[in-house]
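The values are calculated or read from the model by the stated rules, or taken from the named source; none is laboratory data. Because the structure is predicted, anything quoted here is derived from the model rather than measured. As a convention, Cβ positions derive from the backbone with ideal geometry for all residues, glycine included, and neighbour counts pool all protein chains shown. Just the protein is used for accessible areas: all its heavy atoms, side chains included, with ligands, DNA and RNA removed. Shrake-Rupley method; radii C 1.70, N 1.55, O 1.52, S 1.80 Å.
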Amino acid sequence: MQKGTALVVGATGITGGNLAAYLVASGWTVYGLSRRATEQSGVIPVAADLLDAEQTKQALAELPISHVFYCTWIRRDNEKANVEANSQMMRNLFAGLESAPLKHASLVTGTKQYLGSFEAYGSGRIETPFRESEPRVPGDNFYYALEDVLFESAERQGFSWNVHRPHTVIGYARGNAMNMGTTIAVYASICKATGQPFVFPGSTTQWNVLTDMTDALVLARQMEWAATTPGAANQAFNTVNGDVFRWRRMWREIGEYFGLQVADCPKTPQPLDEQMAGAESTWREIAEKHGLVEPDVGKLASWWHTDADLGRDQECVNDTTKSRDFGFDHFRETRGAFFDLFDRLRAEKIIP
(Lines give C-alpha, C1' and ligand atoms only; values in the text may rest on other atoms or scores of the structure.)
Protein backbone atom coordinates (compact mmCIF):
# COMPACT_ATOMS: atom_id res chain seq x y z
CA MET A 1 0.00 0.00 0.00
CA GLN A 2 1.32 3.44 -0.95
CA LYS A 3 1.96 5.40 2.24
CA GLY A 4 2.66 8.85 0.83
CA THR A 5 4.97 10.92 -1.30
CA ALA A 6 8.05 11.94 0.64
CA LEU A 7 10.66 14.59 -0.04
CA VAL A 8 13.88 13.74 1.81
CA VAL A 9 15.94 16.93 2.01
CA GLY A 10 19.61 16.03 2.30
CA ALA A 11 19.21 12.64 0.62
CA THR A 12 22.94 12.00 0.26
CA GLY A 13 23.73 12.44 3.97
CA ILE A 14 23.98 9.95 6.79
CA THR A 15 20.46 10.68 8.07
CA GLY A 16 18.72 11.44 4.79
CA GLY A 17 20.32 8.62 2.83
CA ASN A 18 19.37 5.97 5.35
CA LEU A 19 15.89 7.46 5.75
CA ALA A 20 15.30 7.51 1.98
CA ALA A 21 16.26 3.84 1.67
CA TYR A 22 14.01 2.92 4.58
CA LEU A 23 11.01 4.81 3.18
CA VAL A 24 11.43 3.22 -0.27
CA ALA A 25 11.46 -0.23 1.35
CA SER A 26 8.40 0.73 3.41
CA GLY A 27 6.25 1.61 0.40
CA TRP A 28 6.66 5.35 -0.05
CA THR A 29 7.26 7.28 -3.25
CA VAL A 30 10.50 9.07 -2.38
CA TYR A 31 12.04 12.17 -3.91
CA GLY A 32 15.58 12.91 -2.75
CA LEU A 33 16.67 16.56 -2.71
CA SER A 34 20.37 17.39 -2.61
CA ARG A 35 22.87 19.72 -4.25
CA ARG A 36 24.18 16.82 -6.30
CA ALA A 37 21.61 14.36 -7.60
CA THR A 38 21.37 11.18 -5.55
CA GLU A 39 21.89 7.88 -7.34
CA GLN A 40 20.18 5.83 -4.65
CA SER A 41 18.05 2.97 -5.89
CA GLY A 42 14.33 3.73 -5.82
CA VAL A 43 14.79 7.42 -5.00
CA ILE A 44 13.73 10.04 -7.55
CA PRO A 45 16.54 12.62 -7.67
CA VAL A 46 15.86 16.34 -7.28
CA ALA A 47 18.94 18.55 -7.58
CA ALA A 48 18.86 22.08 -6.14
CA ASP A 49 20.83 24.46 -3.94
CA LEU A 50 18.42 25.52 -1.20
CA LEU A 51 20.22 28.83 -0.86
CA ASP A 52 19.01 29.64 -4.39
CA ALA A 53 15.31 30.46 -4.02
CA GLU A 54 14.50 30.45 -7.74
CA GLN A 55 16.38 27.22 -8.43
CA THR A 56 14.61 25.57 -5.50
CA LYS A 57 11.22 26.77 -6.70
CA GLN A 58 11.81 25.40 -10.18
CA ALA A 59 13.09 22.05 -8.89
CA LEU A 60 10.03 21.55 -6.68
CA ALA A 61 7.39 22.87 -9.07
CA GLU A 62 4.35 20.59 -9.29
CA LEU A 63 5.86 17.79 -7.20
CA PRO A 64 3.01 16.06 -5.29
CA ILE A 65 4.82 16.07 -1.94
CA SER A 66 2.74 15.02 1.06
CA HIS A 67 5.56 14.69 3.62
CA VAL A 68 8.85 16.57 4.00
CA PHE A 69 11.75 15.10 5.96
CA TYR A 70 14.37 17.82 6.51
CA CYS A 71 17.78 16.23 7.16
CA THR A 72 20.31 18.80 5.97
CA TRP A 73 22.36 21.80 7.09
CA ILE A 74 25.21 23.96 5.92
CA ARG A 75 28.22 25.02 7.98
CA ARG A 76 29.41 28.63 8.10
CA ASP A 77 32.25 30.40 9.93
CA ASN A 78 30.20 31.34 13.01
CA GLU A 79 26.83 30.60 14.55
CA LYS A 80 25.21 33.85 13.49
CA ALA A 81 26.04 32.98 9.90
CA ASN A 82 24.84 29.41 10.49
CA VAL A 83 21.50 30.80 11.66
CA GLU A 84 21.14 33.05 8.63
CA ALA A 85 22.09 30.48 6.00
CA ASN A 86 20.21 27.50 7.42
CA SER A 87 17.00 29.38 8.13
CA GLN A 88 17.07 30.80 4.59
CA MET A 89 17.43 27.30 3.16
CA MET A 90 14.32 26.13 4.97
CA ARG A 91 12.35 29.23 4.01
CA ASN A 92 13.23 28.67 0.36
CA LEU A 93 12.16 25.04 0.63
CA PHE A 94 8.68 25.76 1.99
CA ALA A 95 8.23 28.66 -0.43
CA GLY A 96 8.88 26.18 -3.21
CA LEU A 97 6.22 23.86 -1.79
CA GLU A 98 3.44 26.48 -1.43
CA SER A 99 1.23 24.66 -3.96
CA ALA A 100 2.11 21.11 -2.86
CA PRO A 101 -0.48 18.95 -1.01
CA LEU A 102 1.73 19.05 2.08
CA LYS A 103 0.41 17.25 5.15
CA HIS A 104 3.44 16.97 7.41
CA ALA A 105 7.05 18.08 7.84
CA SER A 106 9.74 16.50 10.00
CA LEU A 107 12.93 18.28 11.07
CA VAL A 108 16.11 16.57 12.30
CA THR A 109 18.24 18.64 14.68
CA GLY A 110 20.15 17.07 17.57
CA THR A 111 21.57 17.22 21.06
CA LYS A 112 23.05 20.70 20.53
CA GLN A 113 19.50 21.66 21.45
CA TYR A 114 20.67 21.10 25.04
CA LEU A 115 24.43 21.61 24.71
CA GLY A 116 24.54 24.90 22.83
CA SER A 117 25.93 25.74 19.39
CA PHE A 118 29.33 24.70 18.02
CA GLU A 119 30.98 27.92 19.20
CA ALA A 120 29.38 27.69 22.66
CA TYR A 121 29.46 23.89 22.92
CA GLY A 122 28.71 22.60 26.39
CA SER A 123 27.48 25.98 27.60
CA GLY A 124 24.01 24.66 28.33
CA ARG A 125 24.95 22.70 31.44
CA ILE A 126 21.48 21.16 31.53
CA GLU A 127 21.33 18.24 33.94
CA THR A 128 21.06 14.80 32.40
CA PRO A 129 19.02 13.08 31.23
CA PHE A 130 18.06 15.72 28.67
CA ARG A 131 14.29 16.09 28.26
CA GLU A 132 12.42 17.65 25.36
CA SER A 133 10.80 20.17 27.71
CA GLU A 134 14.13 21.82 28.61
CA PRO A 135 14.33 25.56 27.79
CA ARG A 136 16.55 26.73 24.97
CA VAL A 137 20.15 27.52 25.81
CA PRO A 138 20.82 31.29 25.54
CA GLY A 139 22.65 32.46 22.43
CA ASP A 140 22.51 31.85 18.69
CA ASN A 141 21.77 28.27 17.61
CA PHE A 142 20.70 27.37 14.10
CA TYR A 143 18.65 24.46 15.47
CA TYR A 144 16.35 26.98 17.13
CA ALA A 145 16.16 29.05 13.94
CA LEU A 146 15.14 25.97 11.94
CA GLU A 147 12.45 25.13 14.50
CA ASP A 148 11.05 28.65 14.29
CA VAL A 149 10.87 28.56 10.49
CA LEU A 150 9.20 25.14 10.67
CA PHE A 151 6.58 26.36 13.15
CA GLU A 152 5.85 29.50 11.12
CA SER A 153 5.56 27.54 7.87
CA ALA A 154 3.32 24.89 9.43
CA GLU A 155 0.93 27.54 10.73
CA ARG A 156 0.88 29.42 7.43
CA GLN A 157 0.55 26.37 5.14
CA GLY A 158 -1.58 24.19 7.42
CA PHE A 159 0.56 21.09 7.93
CA SER A 160 1.59 19.21 11.07
CA TRP A 161 5.21 18.78 12.18
CA ASN A 162 7.72 16.86 14.28
CA VAL A 163 11.23 17.66 15.48
CA HIS A 164 13.67 14.79 16.06
CA ARG A 165 16.76 15.22 18.24
CA PRO A 166 19.25 12.38 17.71
CA HIS A 167 22.64 12.21 19.39
CA THR A 168 25.58 11.42 17.07
CA VAL A 169 24.08 9.30 14.28
CA ILE A 170 25.78 6.01 13.35
CA GLY A 171 25.15 4.91 9.78
CA TYR A 172 26.55 4.45 6.32
CA ALA A 173 27.31 7.54 4.25
CA ARG A 174 30.22 8.91 2.25
CA GLY A 175 31.29 12.54 2.13
CA ASN A 176 29.28 13.43 5.22
CA ALA A 177 30.40 16.20 7.58
CA MET A 178 29.11 14.61 10.80
CA ASN A 179 30.00 10.93 10.61
CA MET A 180 31.67 9.58 13.74
CA GLY A 181 31.34 5.89 12.86
CA THR A 182 33.23 6.13 9.57
CA THR A 183 35.73 8.57 11.09
CA ILE A 184 36.61 6.10 13.87
CA ALA A 185 36.85 3.27 11.33
CA VAL A 186 39.27 5.27 9.18
CA TYR A 187 41.32 6.28 12.24
CA ALA A 188 41.48 2.66 13.42
CA SER A 189 42.54 1.51 9.95
CA ILE A 190 45.34 4.08 9.89
CA CYS A 191 46.49 3.00 13.37
CA LYS A 192 46.61 -0.62 12.24
CA ALA A 193 48.51 0.19 9.05
CA THR A 194 51.08 2.38 10.82
CA GLY A 195 51.41 0.46 14.06
CA GLN A 196 50.45 3.42 16.21
CA PRO A 197 48.31 2.86 19.32
CA PHE A 198 44.57 3.44 19.16
CA VAL A 199 44.45 6.55 21.34
CA PHE A 200 41.14 7.97 22.54
CA PRO A 201 41.17 11.57 21.25
CA GLY A 202 38.72 13.11 23.70
CA SER A 203 38.44 14.25 27.30
CA THR A 204 38.76 12.10 30.40
CA THR A 205 35.19 13.17 31.20
CA GLN A 206 33.86 11.57 28.01
CA TRP A 207 36.03 8.51 28.65
CA ASN A 208 34.39 7.93 32.03
CA VAL A 209 30.80 9.24 32.00
CA LEU A 210 27.70 7.68 30.50
CA THR A 211 26.60 8.63 27.01
CA ASP A 212 24.34 7.40 24.19
CA MET A 213 24.10 7.44 20.39
CA THR A 214 21.58 7.03 17.56
CA ASP A 215 21.53 4.39 14.84
CA ALA A 216 20.34 5.85 11.53
CA LEU A 217 17.69 3.17 11.17
CA VAL A 218 16.26 3.89 14.62
CA LEU A 219 15.96 7.53 13.59
CA ALA A 220 14.34 6.58 10.26
CA ARG A 221 11.80 4.36 12.00
CA GLN A 222 10.93 7.07 14.50
CA MET A 223 10.54 9.69 11.78
CA GLU A 224 8.12 7.55 9.78
CA TRP A 225 6.22 6.58 12.93
CA ALA A 226 5.81 10.18 14.13
CA ALA A 227 4.83 11.44 10.67
CA THR A 228 2.07 8.85 10.32
CA THR A 229 0.75 8.56 13.89
CA PRO A 230 -1.92 11.23 14.52
CA GLY A 231 -1.33 11.41 18.26
CA ALA A 232 2.38 12.10 17.76
CA ALA A 233 1.93 15.18 15.58
CA ASN A 234 3.33 18.57 16.61
CA GLN A 235 5.81 17.11 19.10
CA ALA A 236 9.59 17.07 19.55
CA PHE A 237 11.22 13.73 20.33
CA ASN A 238 14.68 12.74 21.50
CA THR A 239 15.97 9.87 19.38
CA VAL A 240 18.62 7.50 20.76
CA ASN A 241 19.21 3.76 20.65
CA GLY A 242 17.90 3.05 24.14
CA ASP A 243 21.13 1.85 25.72
CA VAL A 244 23.89 3.82 27.46
CA PHE A 245 27.62 3.14 27.55
CA ARG A 246 31.00 4.51 28.63
CA TRP A 247 33.64 5.22 26.03
CA ARG A 248 36.33 3.56 28.18
CA ARG A 249 34.61 0.25 27.44
CA MET A 250 33.31 0.95 23.93
CA TRP A 251 36.73 2.22 22.74
CA ARG A 252 38.40 -0.99 23.84
CA GLU A 253 35.71 -3.09 22.15
CA ILE A 254 36.17 -1.15 18.92
CA GLY A 255 39.91 -1.62 19.24
CA GLU A 256 39.41 -5.37 19.63
CA TYR A 257 37.25 -5.40 16.48
CA PHE A 258 40.16 -3.94 14.50
CA GLY A 259 42.80 -5.99 16.30
CA LEU A 260 44.46 -2.93 17.82
CA GLN A 261 46.46 -2.11 20.91
CA VAL A 262 44.31 0.33 22.89
CA ALA A 263 46.25 2.96 24.82
CA ASP A 264 45.11 4.33 28.15
CA CYS A 265 43.14 7.55 27.92
CA PRO A 266 45.58 10.51 27.99
CA LYS A 267 45.11 13.07 30.74
CA THR A 268 44.74 15.79 28.11
CA PRO A 269 42.76 15.39 24.87
CA GLN A 270 44.63 14.25 21.75
CA PRO A 271 42.37 15.66 18.98
CA LEU A 272 42.16 13.70 15.75
CA ASP A 273 42.66 16.94 13.86
CA GLU A 274 46.19 16.94 15.32
CA GLN A 275 46.81 13.19 15.38
CA MET A 276 45.79 12.86 11.75
CA ALA A 277 47.72 15.82 10.38
CA GLY A 278 49.26 14.59 7.15
CA ALA A 279 47.01 11.51 7.00
CA GLU A 280 46.13 12.25 3.37
CA SER A 281 49.24 10.56 1.98
CA THR A 282 49.01 7.68 4.45
CA TRP A 283 45.42 6.97 3.45
CA ARG A 284 46.25 7.10 -0.26
CA GLU A 285 48.89 4.43 0.32
CA ILE A 286 46.43 2.30 2.31
CA ALA A 287 43.77 2.70 -0.39
CA GLU A 288 46.18 1.72 -3.15
CA LYS A 289 47.50 -1.30 -1.24
CA HIS A 290 44.03 -2.66 -0.45
CA GLY A 291 42.16 -1.52 -3.56
CA LEU A 292 39.82 0.80 -1.66
CA VAL A 293 37.24 2.85 -3.54
CA GLU A 294 37.99 6.23 -1.90
CA PRO A 295 41.62 7.40 -1.70
CA ASP A 296 40.71 10.87 -0.38
CA VAL A 297 40.50 10.65 3.41
CA GLY A 298 38.82 14.08 3.49
CA LYS A 299 35.75 12.54 1.86
CA LEU A 300 35.45 9.91 4.57
CA ALA A 301 36.55 11.32 7.93
CA SER A 302 35.20 14.31 9.84
CA TRP A 303 37.99 14.74 12.40
CA TRP A 304 36.61 18.07 13.71
CA HIS A 305 33.14 16.71 14.43
CA THR A 306 34.37 13.61 16.22
CA ASP A 307 36.75 15.79 18.26
CA ALA A 308 33.82 17.99 19.29
CA ASP A 309 31.72 15.00 20.37
CA LEU A 310 34.48 13.21 22.26
CA GLY A 311 36.02 16.34 23.73
CA ARG A 312 32.99 17.44 25.72
CA ASP A 313 33.51 17.99 29.42
CA GLN A 314 30.06 16.86 30.55
CA GLU A 315 27.82 13.82 30.55
CA CYS A 316 25.38 13.50 27.66
CA VAL A 317 22.36 11.20 28.12
CA ASN A 318 18.99 11.74 26.47
CA ASP A 319 15.65 10.83 28.02
CA THR A 320 13.37 8.92 25.60
CA THR A 321 10.45 8.48 28.00
CA LYS A 322 8.27 10.84 25.98
CA SER A 323 8.79 8.88 22.78
CA ARG A 324 7.95 5.60 24.53
CA ASP A 325 4.87 7.14 26.15
CA PHE A 326 3.63 8.16 22.70
CA GLY A 327 4.09 4.60 21.44
CA PHE A 328 7.55 4.31 19.85
CA ASP A 329 9.61 1.56 21.47
CA HIS A 330 12.20 0.53 18.87
CA PHE A 331 15.75 0.18 20.20
CA ARG A 332 19.25 -0.80 19.04
CA GLU A 333 22.45 -1.89 20.78
CA THR A 334 25.05 0.79 20.05
CA ARG A 335 27.97 -1.64 19.94
CA GLY A 336 26.12 -3.67 17.32
CA ALA A 337 25.40 -0.52 15.32
CA PHE A 338 29.13 0.27 15.22
CA PHE A 339 30.14 -3.26 14.24
CA ASP A 340 27.46 -3.53 11.53
CA LEU A 341 28.70 -0.26 10.05
CA PHE A 342 32.32 -1.45 10.14
CA ASP A 343 31.31 -4.71 8.43
CA ARG A 344 29.60 -2.79 5.64
CA LEU A 345 32.52 -0.39 5.22
CA ARG A 346 34.79 -3.41 4.74
CA ALA A 347 32.39 -5.16 2.38
CA GLU A 348 32.15 -2.08 0.19
CA LYS A 349 35.93 -1.52 0.23
CA ILE A 350 35.75 1.77 2.10
CA ILE A 351 38.21 0.48 4.72
CA PRO A 352 40.61 -2.48 4.49
Problem set entry | Extreme residue, farthest from ASP215 (Cα to Cα), among residues of region 107-132 that are in contact (Cβ under 8 Å) with a residue 60 or more places away in the chain and of a type in the set (A, V, I, L, M, F, W, C) | PHE118
Seminar exercise, completed: Only unsatisfied item for ALA154, checking (1) under 24 Å from GLY116 (Cα atoms); (2) not in a loop (DSSP other than H, G, I, E, B), is (1)
Exercise. Is one or more of the residues making up region 275-283 of a type in the set (A, V, I, L, M) and touching a Phe, Trp or Tyr at 6+ places or on another chain (Cβ under 6 Å)?
Worked result: yes
For this session: Tell me, please, whether a residue that is surrounded by 15 or more Cβ atoms within 10 Å (Cβ to Cβ), touching a Leu at 6+ places or on another chain (Cβ under 9 Å) and hydrophobic (A, V, I, L, M, F, W, C) can be found in region 13-20.
Result: yes
For this session: Kindly check whether there is at least one residue in region 232-246 that is assigned to a helix (DSSP H, G or I), of a type in the set (S, T, N, Q) and surrounded by fewer than 17 Cβ atoms within 10 Å (Cβ to Cβ).
Result: no
Exercise. In this structure, is LEU115 out of contact with any helix residue (DSSP H, G or I) (no Cβ under 9 Å at 6 or more places or on another chain) and buried (at least 21 other Cβ atoms within 10 Å of the Cβ)?
Worked result: yes
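Select from region 157-167 the residues that are open to solvent by less than 40 Å² (accessible area, probe 1.4 Å) and in a loop (DSSP other than H, G, I, E, B) and write down the one among them that is nearest to TYR114 (Cα to Cα).
To start, the set of residues in region 157-167 that are open to solvent by less than 40 Å² (accessible area, probe 1.4 Å) comprises 159-160, 162-167.
Okay, now just the ones that are also in a loop (DSSP other than H, G, I, E, B), so 159, 167.
Values: PHE159: 26, HIS167: 11 Å.
Across region 157-167, the extreme among qualifying residues is HIS167.
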Exercise. Mind checking which pairs have a first residue in region 133-161 that is on the phi > 0 side of the Ramachandran plot and a second that is assigned to a helix (DSSP H, G or I), Cβ under 7 Å, 6 or more apart or different chains?
Worked result: GLY139/ALA120
For this session: Test SER323 against the stated conditions and say whether it is open to solvent by less than 10 Å² (accessible area, probe 1.4 Å), part of a helix (DSSP H, G or I), farther than 17 Å from ARG174 by Cβ and not charged (D, E, K, R).
Result: yes
Exercise. Could you list, in sequence order, the residues of region 329-340 that are crowded, with 20+ Cβ neighbours inside 10 Å and under 22 Å from ARG131 (Cα atoms)?
Worked result: ARG332, THR334
For this session: With the condition kept exactly as written, say whether any residue in region 129-141 is surrounded by 23 or more Cβ atoms within 10 Å (Cβ to Cβ) and part of a helix (DSSP H, G or I).
Result: no
Problem set entry | Residue list for region 21-33, restricted to those being closer than 25 Å to GLN55 by Cα and either buried (at least 23 other Cβ atoms within 10 Å of the Cβ) or in contact (Cβ under 8 Å) with a residue 40 or more places away in the chain (or both) | VAL30, TYR31, GLY32, LEU33
Exercise. When only residues in region 281-305 that are of a type in the set (Val, Ile, Thr) and in contact with an Asp or Glu (Cβ under 9 Å, 6 or more places away or on another chain) count, which is surrounded by the most Cβ atoms within 10 Å (Cβ to Cβ)?
Worked result: VAL297
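State whether one or more residues within region 203-214 are outside any loop (DSSP other than H, G, I, E, B) and within 27 Å of ALA25 (Cα to Cα).
Step one: list which residues in region 203-214 are outside any loop (DSSP other than H, G, I, E, B), which gives 204-208, 210-211, 214.
Filter again for within 27 Å of ALA25 (Cα to Cα), leaving 214.
Yes - at least one qualifying residue is present in region 203-214.
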Exercise. Looking at (1) over 23 Å from GLU119 (Cβ atoms); (2) touching an Asp or Glu at 6+ places or on another chain (Cβ under 8 Å); (3) surrounded by fewer than 23 Cβ atoms within 10 Å (Cβ to Cβ), which is the one condition that is false for ALA37?
Worked result: (2)
Seminar exercise, completed: Residues of region 247-280 being farther than 27 Å from HIS167 by Cα and open to solvent by less than 40 Å² (accessible area, probe 1.4 Å), in sequence order, are ALA279
